[in-house]
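The values are calculated or read from the model by the stated rules, or taken from the named source; none is laboratory data. All of these numbers come straight from a predicted model, not from anything done at the bench. Cβ atoms come from the backbone with ideal geometry, glycine included; neighbour counts cover every protein chain shown.
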């Protein structure tokens, strides 16, 4: 191969990297994410759309979201209710769409399985949201519930809401090293991923994100004093708010 | 090492099942992509339960014929006791791990996850529930199932010898009724048994019936071209469908709008019909394709697997313990791909090594007195 062909190759590569860098800056500018929260883009990449929410945002200049979930949606361990991830998500999205009215209603209730959340689905529907962010799988893992009915429940819930013009986004379980020693969330995370695949839903991989933070020593959840644990919970929820907002924005554009 | 006339195919496939169970039980392990669960709808659990039924029938059926029902039943019960003690041993290891973690890890953000340790607040209840086989944490469901199935088998064995058809029919009816009427055994702290014994008993009874049947009779049936063709066609369809699901990403291959009941035919708790039929087709073709003397006198690669199968209880418990240890290593050290493959390979080597040691040790202890034939009935 001659030298010029090689140089051309290098130039093309450099040009491609410049384009990528420019794109990255643009995307970064979209939702500014604090450095401590950042994870590789590939980790949260998901090209599924949020068609109904995008439509409502365009028409009404408003976006109403319900956060349906268990203990961590409720905000256990945080310093105050406004530090839970649904509130942080509202904050991050409002920065992104300053002209729109963004509301996130927190319907997280402690220690609930997907089945128990379905029993109060009427409360969710009554809020008339455009998007439901559904955090689940932890209670199933802890209680070692059956996987197949879990999948059926998720599908039924997603389909019910889709029929009412509500988009659904899924969030899987959280990660800490000590917790991994004593429970196994893999079957339930797989189940959530399956449902996301089947209905082409956006999945926010909370487990992978938190595992990345821990593995890369950005955060630790081990041997913390009570004050440190509260600070860590606030930071995690804040970061989740930013990253979920990023996924929502990406999905709104994907239509 | 093996008693003469022993069907080494049973040992081989049971050994293979035990190795698969070990690899499958390490969460987030890439090596688990090489086990049968990725290519067919059943997994090693079916293999283990079926062969356990078959082997129990051949071993204890022989004792029944030579020494009569009361002695055969006591031998089955002795075996149950051994399994029970092994289960309690594994349970103690589990409790030690949970208690250690729960005492040291105190982070309110994970309060829901730590609920898995809530039984520590009422040890008086938890221990009794464990002794009553109602408390089986992660991955500890199959041994209680085996114990209960073998207990039932102790009563069933004499009847199965004389009237196999009504017993098999009754067992099949119970299998069908279990999911329809939601029959299962309650578990502690909540829920039901992960392996529903009322459903899984059918596979054990099928194995036991075949184990007691005259080999010539069943072989004539197994070798009918039409039966072979039916099994092969069904197995091929399952193989293609499941492999496609694995490659394409689990249920991605299932079209949207698939009715919910379709999920239940692959249900593991109630041994869904798809899993059962898939396994039976697989077992049938294995019996036809692998002749009875295939492994006799054969050295080389099948030998270590056969040894694992011949020491099934010890190797099963060791496998559960090792998968647990491997998981700890992945959590604490690194979960890189190389580590996943490394701990899986190390575990398999340890299981084979221990199986070899057990075989050697048993061979030695037999030398002076060769009259202890019953002990071979693993």
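Report whether or not residue A:196 is surrounded by fewer than 24 Cβ atoms within 10 Å (Cβ to Cβ), modelled with pLDDT of 95 or more and part of a helix (DSSP H, G or I). Lay out the reasoning, then the answer.
Details: surrounded by fewer than 24 Cβ atoms within 10 Å (Cβ to Cβ): yes; modelled with pLDDT of 95 or more: no; part of a helix (DSSP H, G or I): yes.
Taking the combined requirement at face value, the residue does not satisfy it.
Within the stretch B:46-64, is even one residue in a helix (DSSP H, G or I), more than 15 Å from residue B:142 (Cβ to Cβ) and free of Cβ contacts under 8 Å to residues at least 24 places away in the same chain?
Checked against the condition, which is being in a helix (DSSP H, G or I), more than 15 Å from residue B:142 (Cβ to Cβ) and free of Cβ contacts under 8 Å to residues at least 24 places away in the same chain, the stretch B:46-64 yields at least one hit.
Need the failing condition index for residue B:162 against (1) more than 22 Å from residue B:119 (Cβ to Cβ); (2) touching a strand residue (DSSP E or B) at 6+ places or on another chain (Cβ under 7 Å), just the number.
The one condition residue B:162 does not meet is (2).
Checking residue B:155 against (1) in contact with a helix residue (DSSP H, G or I) (Cβ under 6 Å, 6 or more places away or on another chain); (2) in a helix (DSSP H, G or I); (3) at pLDDT below 95, which test does it fail?
With respect to (1) in contact with a helix residue (DSSP H, G or I) (Cβ under 6 Å, 6 or more places away or on another chain); (2) in a helix (DSSP H, G or I); (3) at pLDDT below 95, residue B:155 is out only on (1).
Might you let me know whether the stretch B:83-97 holds any residue that is free of Cβ contacts under 8 Å to residues at least 40 places away in the same chain, more than 30 Å from residue B:287 (Cα to Cα), within 14 Å of another protein chain (Cβ to nearest Cβ) and assigned to a helix (DSSP H, G or I)?
Kept after step one, since they are free of Cβ contacts under 8 Å to residues at least 40 places away in the same chain, are these residues of the stretch B:83-97: B:85, B:92, B:95-96.
If we keep only those that are more than 30 Å from residue B:287 (Cα to Cα) as well, we get B:85, B:92, B:95-96.
Add one more test, that the residue is within 14 Å of another protein chain (Cβ to nearest Cβ), and what stays is B:95-96.
Next, from what is left, pick out any that are assigned to a helix (DSSP H, G or I): B:95-96.
Yes, because at least one residue in the stretch B:83-97 is free of Cβ contacts under 8 Å to residues at least 40 places away in the same chain, more than 30 Å from residue B:287 (Cα to Cα), within 14 Å of another protein chain (Cβ to nearest Cβ) and assigned to a helix (DSSP H, G or I).
Given the structure, is residue A:251 in contact with a strand residue (DSSP E or B) (Cβ under 7 Å, 6 or more places away or on another chain), at the interface with chain B (Cβ under 10 Å from one of its Cβ atoms) and buried (at least 17 other Cβ atoms within 10 Å of the Cβ)?
Details: in contact with a strand residue (DSSP E or B) (Cβ under 7 Å, 6 or more places away or on another chain): yes; at the interface with chain B (Cβ under 10 Å from one of its Cβ atoms): no; buried (at least 17 other Cβ atoms within 10 Å of the Cβ): yes.
It is false that residue A:251 is in contact with a strand residue (DSSP E or B) (Cβ under 7 Å, 6 or more places away or on another chain), at the interface with chain B (Cβ under 10 Å from one of its Cβ atoms) and buried (at least 17 other Cβ atoms within 10 Å of the Cβ).
So, in the stretch A:140-156, exactly how many residues are surrounded by fewer than 24 Cβ atoms within 10 Å (Cβ to Cβ), under 20 Å from the mean Cα position of the chain (by Cα) and either in contact (Cβ under 8 Å) with a residue 60 or more places away in the chain or farther than 17 Å from residue B:269 by Cβ (or both)?
1
Might you let me know whether the stretch B:130-140 holds any residue that is farther than 20 Å from residue A:110 by Cβ, within 14 Å of chain A (Cβ to nearest Cβ), in contact with a strand residue (DSSP E or B) (Cβ under 8 Å, 6 or more places away or on another chain) and surrounded by 15 or more Cβ atoms within 10 Å (Cβ to Cβ)?
For the stretch B:130-140, residues farther than 20 Å from residue A:110 by Cβ, within 14 Å of chain A (Cβ to nearest Cβ), in contact with a strand residue (DSSP E or B) (Cβ under 8 Å, 6 or more places away or on another chain) and surrounded by 15 or more Cβ atoms within 10 Å (Cβ to Cβ): present.
Filter the stretch B:145-196 for residues that are surrounded by 17 or more Cβ atoms within 10 Å (Cβ to Cβ) and without any contact (Cβ under 8 Å) to a residue 40 or more places away in the chain and give the result.
B:171
When you go through B:96, B:55, B:69, B:30 one by one, which is the residue that is buried (at least 18 other Cβ atoms within 10 Å of the Cβ) and over 30 Å from residue A:231 (Cβ atoms)?
Values: B:96 fails: buried (at least 18 other Cβ atoms within 10 Å of the Cβ); B:69 fails: buried (at least 18 other Cβ atoms within 10 Å of the Cβ); B:30 fails: buried (at least 18 other Cβ atoms within 10 Å of the Cβ).
The conditions single out B:55.
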